[in-house]
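Each remark here refers to the structure printed beneath this line.
The values are calculated or read from the model by the stated rules, or taken from the named source; none is laboratory data. Note that this is a predicted model, so its numbers are computed, not measured. Quick reminder, even Gly has a Cβ in these numbers, built from the backbone with ideal geometry, and neighbours come from all protein chains shown. SASA here: full protein model, heavy atoms, side chains in, ligands and nucleic acids out. Shrake-Rupley method; radii C 1.70, N 1.55, O 1.52, S 1.80 Å.
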Amino acid sequence: MQTMQEARTFLLKHAEGDLLPWRHHVFASTHFGLSMGQVERLALESGLLPARYQRNRKTISISQQLRIFNGSVAIVGCGGLGGYIIEQLARLGVGRLTAIDPDVFEEHNLNRQLYSTPAMLGRPKVEAAHHRVREINPAVTLDPIKCAFSKTNGFDILQGSDIVVDALDSIPVRLELAEVCNELNVPLVHGAIGGWYGQVATQFPGEQTLRKIYNRPSNAKGVEKGLGNPSFTPAVVASLEVAEVCKLLIGQGQPLSRRKLHINLLDMEIIELPY
Amino acid sequence: MKVKVKLFATFREGRFGEELREYTAGTTVGDVLKELNLPLEEIGATLINHRHVEEDQPLQDGDNLSIFPLVGGG
């Protein structure tokens, strides 16, 4: 308690205006024996913005930045969509991330998956995400879970998450995820891609959006089966998903409730469908 | 009767984006899918005038029918 008080005094004394420079953030962490995340929360609660977020500030206020930091977001799938989603959530400053994926990097991932490099081939995707997040934003904690999501393990894994982000590549598993999110009363931000095309929607608790989107028999075949995925489509759809997460965390704007965006990058069209 | 058929994403390849087409009374959404050789397991959504419809839905003169493929990758 006294440590926190001393740390707060230190932060207020060393702030430049209401910005907390990185070097003082790091010093406070070592000097007072606090994690980078604890210092970040203390700063935000004291009305200080860690200077790394200064270009957010016309968009996101200090109190909203605190809400983002206090948020816990699970990303299910760490491939094409997941990599970009994790990167953006970590830079946005979401305090707790949980990344779920059973796979290791393979050569055919290198065209698009953000954390895949030749050196990482054969290594778990969640491990790469873990390292990357520590590197780019040490105030953020990422919990790497190397397993295949299912209805059986889903409750334990997603327990405590405020928002879940769909970055899966399987329609049947998506439907299980949507069911688990509804039972846990957690909003699910859905995204899917294939070739030049993608879609985004947000399912709030009680809604059946995913079941409506994927209402055909289980032999359903998405466009990605024939087209694969180029580098830019996951980046576009991941960014739209992160914008949804950000809005849900700060309670601003109009999320994609009961509607889905259909994105066509070949003809540059975005169309809204009701659900 | 005349129906405006709009195809989206991959369904445009080798077909069309939007076309005003002539159908006989009683034609259903499923008939159009069959005519255009669009396999059921690849269909993501079918809408008439912005409302979701099933394959057995009959078309009316002046309808706008939109057909979207399924997207499921990540």
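For the protein assembly as shown, the dipole from Cβ point charges (+1 on Lys and Arg, -1 on Asp and Glu) about the Cα centre works out to 1060 debye, to the nearest 20.
Where only DSSP H runs of four or more residues are counted, chain B gives -2500 deg cm²/dmol as its mean residue ellipticity at 222 nm, each run worth -39500 (n - 2.57).
For chain B, the normalised intensity computed at q = 0.20 Å⁻¹ comes to -0.79 (log10 of I(q)/I(0), Debye sum over alpha carbons, equal scatterers, no solvent). In the context of the full set of protein chains, residues of the stretch A:59-155 present 39 Å² of accessible surface per residue (probe radius 1.4 Å, heavy atoms only). Evaluated over the Cα positions of the stretch A:51-152, the convex hull gives a direction-averaged projected area, one quarter of its surface, of 7.1 nm². Multiplying the residue separation of B:Glu22 and B:Lys4 by 0.36 nm and subtracting their alpha-carbon distance yields 5.6 nm. Multiplying each eigenvalue of the alpha-carbon gyration tensor of the protein assembly as shown by 5 and taking the square root yields semi-axes of 44, 20, 17 Å, largest first, rounded to whole angstroms. Calculated mean residue ellipticity at 222 nm for chain A: -12500 deg cm²/dmol, from DSSP H runs with n ≥ 4 weighted as -39500 (n - 2.57), summed, divided by the residue count and rounded to 500. Ordering A:Leu11, A:Pro118, A:Ala28 by Cα displacement along the dipole of chain A toward the positive end leaves A:Leu11 in first place; charges were set at the Cβ atoms of Lys, Arg (+1) and Asp, Glu (-1). Can you list the residues in the stretch A:204-249 whose accessible area drops by at least 50 Å² when all protein chains are present, compared with the chain alone? Use a 1.4 Å probe, heavy atoms only. Buried on complex formation: A:Arg216, A:Lys221, A:Val223.
For the stretch B:27-67, the relative contact order is 49 percent, taking Cα pairs closer than 8 Å that sit 6 or more residues apart in sequence and dividing their mean separation by the residue count. Here is the interface size for A with B: some 2200 Å² of accessible area buried, both sides summed, with a 1.4 Å probe. Entry comment: accessible area of the stretch A:196-275 is 44 Å² per residue, from protein heavy atoms only and a probe of 1.4 Å.
Does the stretch A:188-254 come out rounded, prolate or oblate by the C-alpha gyration tensor, with a ≥ b ≥ c the root eigenvalues, rounded set by a/c under 1.5 and, if not, prolate when a/b is larger than b/c and oblate if not? It is oblate, given that a/c is not under 1.5 and a/b is not larger than b/c. Residues of the stretch B:48-74 whose accessible area (probe 1.4 Å, heavy atoms of protein chains only) drops by at least 40 Å² once all protein chains are present, relative to their chain alone: B:His52, B:Phe68, B:Leu70, B:Val71, B:Gly72, B:Gly73, B:Gly74. Over the C-alpha trace of the stretch A:1-125, radius of gyration and Dmax come out as 17.5, 53 angstrom. Based on protein heavy atoms only, chain B ends up with 48 Å² per residue of surface accessible to a 1.4 Å probe. For the cross-link pairs B:Lys6/B:Lys34; A:Lys225/B:Lys34; A:Lys221/B:Lys4, the ones whose C-alpha atoms lie over 23 Å apart are A:Lys221/B:Lys4. Using a 1.4 angstrom probe on heavy atoms only, work out the carbon and sulfur share of the accessible area of the protein assembly as shown in %. Looking at the protein assembly as shown in its full context, I get 51 percent from C and S.
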